[in-house]
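Below is one structure; the comments refer to it alone.
The values are calculated or read from the model by the stated rules, or taken from the named source; none is laboratory data. Note that the structure is predicted; figures quoted are calculated from it, not measured. With ideal geometry, Cβ positions are generated from the backbone for all residues, glycine too; neighbour counts draw on all protein chains shown. Surface areas here come from the heavy atoms of the whole protein model, side chains and all, with no ligands, DNA or RNA. Shrake-Rupley method; radii C 1.70, N 1.55, O 1.52, S 1.80 Å.
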Amino acid sequence: MNINMTLIGQSITFAIFVWFCMKFVWPPIVSALEARKKLIADGLAAADRGKHELELAAKRASETMHEAKLKASDIIAQAEKRAVQIVEEAKGAAKGEGDRMISSAKAEIEQESHRAREALRGEIAALVVAGAGKVLRREVSAQAHADLLEVIKNEL
Amino acid sequence: MSAEAHTSTEYIRHHLQNLTYGQHVDGTWGLAHTAQEARDMGFMAINVDTMGFSILLGVLFLFFFRMVAKSAAPGVPGGLQNFVEWVVEFVDSSVKGSFTARNPMVAPLALTIFIWIFLMNLMDLLPIDWLPGVAGALGLPFMKVVVSTDPNATFGMSLTVFALVLYYSVKMKGLGGFVGELTLQPFGKWGMPANLLLEGVNLIAKPVSLALRLFGNMYAGEMIFILIAIMFSGGAVLAVTGGVLQWAWAVFHILIITLQAFIFMTLTIVYLDMAHQEHH
């Protein structure tokens with residue numbers, strides 16, 4: 001309980017401890033704490049940013065999906081239209097082809113009948129000449145009466 | 001006075017005497033073997049136990065904290081680092097809460113005060129006869145374990161703090177500003193003597209109250225432990241009662257030792273803050 005040199009000794013000890021603490025203990029710990037605080041803040045900010053980006057991506061994805069759907073339905077509609085068109089075209093083409101075939105057949109028939117008629121005419125003319133020869137009882141020169149025969153042939 | 005009372009008195013006295021080294025009245029140097037011898041040594045003596053335990057505890061504190069400080073990294077902290085960081089943050093927030101100026105010394109000072117005083121007080125929870133018993137077996141006449149029950153220790157700290165208060169008062173306000181603060185308020189320049197008296201008492205009260213508060217609390221707590229320890233020699237019933245009381249007082253004392261360390265730290269911060277204030 002006596003005040004003695006211990007007082008001064010304690011003061012010096014205390015001062016040395018404070019100096020040591022201030023020099024070698026406090027700064028590294030506090031700087032580590034600050035660094036961790038910054039690390040955590042950065043991490044949280046990054047997480048926030050990530051979340052935000054995720055939201056954006058989701059929005060973009062849904063937008064893209066919507067667009068794709070629109071495009072798909074567009075394509076389908078177009079395809080349907082095209083199909084109808086193709087069918088119509090095919091129908092038209094078939095009809096045209098049919099018409100053409102019919103008309104060519106008709107023309108052929110016409111030609112055929114024409115040719116038949118020509119042949120018939122020839123035969124008839126020969127028959128007529130033969131008939132007329134018999135009727136006239138004499139040889140009629142076909143050459144001499146070719147003009148006449150031709151006229152007759154055309155009158156048939 | 002009965003023999004029982006006499007030994008009790010001796011027991012108490014023995015526990016309250018520091019191990020003192022100094023010059024005897026006859027001129028030789030050595031340890032004081034009685035309280036009277038210690039008193040006769042006067043100022044030129046040193047309390048070996050106070051110095052020894054305080055340095056031991058301080059070195060222990062700085063060793064552990066330095067160990068953590070060296071390996072401190074911003075990554076995930078381990079157990080000891082976690083604890084140290086918790087203490088550091090606690091002290092830091094206390095300093096930030098009470099200290100408005102900027103001074104890189106205050107926070108480490110507060111940390112040193114808090115942990116050192118806490119450790120010195122913590123020695124109070126050791127059963128009071130353990131270390132003195134060991135010392136007695138080693139032939140040392142006295143051994144006072146709780147450093148903060150030695151006014152030399154508490155005044156040593158509070159006077160250092162007081163020196164810092166004076167230093168920063170003069171540094172921040174200038175000598176004129178500091179003297180003006182002491183003499184020109186609260187009554188203006190015509191009440192100078194009264195001002196000086198009031199402010200002087202105010203100023204001196206800081207280190208004195210700081211030291212005496214800690215010393216008084218720890219001394220009283222130690223005294224109660226000693227009184228309880230006396231019960232152990234008073235028969236089975238008293239011994240059991242003493243055991244229960246000692247346990248209860250130790251539990252309560254945990255609160256006191258922490259609180260006293262915290263108060264010393266907080267008041268130091270506040271006093272230094274006042275020293276940095278310039279608004280007068």
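For the reader, a short list of remarks on this structure follows.
- Residues located in the range B:143-154, provided they are within 14 Å of chain A (Cβ to nearest Cβ) and not hydroxyl-bearing (S, T, Y): B:K144, B:V146, B:V147, B:D150, B:P151, B:N152, B:A153
- Residues of the range B:202-215 include at least one that is in contact (Cβ under 8 Å) with a residue 40 or more places away in the chain, touching a Phe, Trp or Tyr at 6+ places or on another chain (Cβ under 8 Å), under 24 Å from A:A15 (Cβ atoms) and among the basic types (K, R).
- The set of residues in the range B:103-113 being surrounded by 15 or more Cβ atoms within 10 Å (Cβ to Cβ) and either modelled with pLDDT of 95 or more or facing chain A (nearest Cβ under 10 Å) (or both) consists of B:M105, B:V106, B:A107, B:P108, B:L109, B:A110, B:L111, B:T112, B:I113.
- Among the residues making up the range B:199-225, those that are among the aliphatic types (A, V, I, L, M) and within 18 Å of B:I128 (Cα to Cα) are B:M218, B:A220, B:M223, B:I224.
- When each of B:V25, B:V59 is tested for being over 19 Å from A:L33 (Cα atoms), more than 23 Å from the chain's Cα centre (by Cα) and either more than 10 Å from chain A (Cβ to nearest Cβ) or at pLDDT 90 or above (or both), the lone residue that passes is B:V25.
- Qualifying residue in the range B:238-253 (condition: within 23 Å of the chain's Cα centre (by Cα), open to solvent by 30 Å² or more (accessible area, probe 1.4 Å), under 30 Å from B:Y167 (Cα atoms) and aliphatic (A, V, I, L, M)): no
- Criterion applied to B:L122, B:L140 was being away from chain A (no Cβ under 14 Å), touching a residue at least 12 places away in the same chain (Cβ under 8 Å) and surrounded by fewer than 17 Cβ atoms within 10 Å (Cβ to Cβ), and the one residue passing it is B:L140.
- Counting the residues of the range B:32-52 that are more than 11 Å from chain A (Cβ to nearest Cβ) and modelled with pLDDT of 85 or more gives 0.
- Consider the range B:125-137 and keep the residues that are exposed (fewer than 15 other Cβ atoms within 10 Å of the Cβ) and of a type in the set (G, A, S). The one that is farthest from B:F262 (Cα to Cα) is B:A137.
- Residues located in the range A:8-21, provided they are over 14 Å from B:V84 (Cβ atoms) and open to solvent by less than 70 Å² (accessible area, probe 1.4 Å): A:G9, A:Q10, A:S11, A:T13, A:F14, A:A15, A:F17, A:V18, A:F20
- B:M172 vs. criteria part of a loop (DSSP other than H, G, I, E, B) and either surrounded by 15 or more Cβ atoms within 10 Å (Cβ to Cβ) or not charged (D, E, K, R) (or both): no
- Among the candidates B:V201, B:V179, residue that is over 20 Å from B:L57 (Cα atoms), more than 13 Å from every other protein chain (Cβ to nearest Cβ), at pLDDT 90 or above and in a helix (DSSP H, G or I): B:V201
- Those residues of the range B:101-124 which are in contact with a helix residue (DSSP H, G or I) (Cβ under 6 Å, 6 or more places away or on another chain) and more than 21 Å from B:M51 (Cβ to Cβ), in sequence order: B:A101, B:M105, B:V106, B:A107, B:P108, B:A110, B:L111
- In the range B:254-275, the residues that are open to solvent by less than 30 Å² (accessible area, probe 1.4 Å) and over 13 Å from B:I113 (Cβ atoms): B:I256, B:I257, B:D273, B:A275
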